[in-house]
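I have placed the structure first, in the form of structure tokens, so that the comments after it can refer back to it.
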Amino acid sequence: MSVEEVMAKERWATEEAFIRGNMNALDEVFTSDAVFKSPPIIDIKGLEAFKQGITGFRQAFSDIRWDWDETISQGNTAVQRYTIRGKHTGKLPEIPVSPTGKEMVFKGCVVYHLKNGKIYEFIEYLDWLGMMQQLGVIPKK
């Protein structure tokens with residue numbers, strides 16, 4: 001399977017998991033021992049733990065919409081830029097802020113490392129400052 005085919009399947013699996021709650025779709029794309037990094041949050045080790053993180057995100061945000069802004073691949077590495085939209089209707093485990101009811105917009109980028117047709121490492125660069133400002137945790141300047 002080519003990197004482009006894996007990334008097309010990854011986009012499908014992400015939408016299945018984040019939007020529809022079908023966590024089993026992720027099994028087709030990630031290794032069971034994959035590592036998920038999103039500084040400054042601590043690394044998540046293993047697909048099952050990642051699924052729990054997605055469940056927490058889905059409890060904090062409703063009406064999730066996902067746009068894929070760009071995908072670039074070379075060798076066994078791929079990079080995707082994305083925009084996520086959703087309404088803040090619950091608490092994120094990492095950020096215990098009461099629901100604001102605000103429409104949120106997150107922009108980020110993920111670097112994926114693949115072997116044998118599956119993703120074994122996921123390194124996300126998310127606009128955490130923008131998220132905190134939208135939640136009202138940090139004032140906008």
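Taken together, the values in this text are just the output of simple stated rules run on the coordinates, not laboratory data. Keep in mind that this is a model prediction, so the values were computed, not measured. All Cβ positions, glycine included, derive from the backbone under ideal geometry; neighbour counts span all protein chains shown.
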Give me, ordered by chain and number, the residues 5 or more places off Val97 or on other chains with an amide H under 5 Å from its own placed amide H.
Leu92
From DSSP H assignment alone, runs of 4+ in the chain each adding -39500 (n - 2.57), the sum over residues rounded to the nearest 500 puts [θ] at 222 nm at -9000 deg cm²/dmol
Nearest-20 debye value, the chain charge dipole, Cβ charges on Lys, Arg, Asp, Glu
560 debye
In Å, what Kirkwood hydrodynamic radius results for segment 43-99 from the alpha-carbon pair distances?
13.2 Å
Amide H within-cut-off set for Lys102, under 5 Å, with H built and near neighbours excluded:
His88
Mind pulling the angle between the C-alpha long axis of helix 3-20 and the longest principal axis of the chain? Nearest 10 degrees, somewhere in 0 to 90.
40 degrees
Which order do peptides 25-31, 42-48 fall in by mean Cβ count within 10 Å, highest first?
25-31, 42-48
For the chain, treating each Cα as an identical point scatterer without solvent, what Debye log10 I(q)/I(0) comes out at q = 0.12, 0.14, 0.19 1/Å?
-0.47, -0.64, -1.18
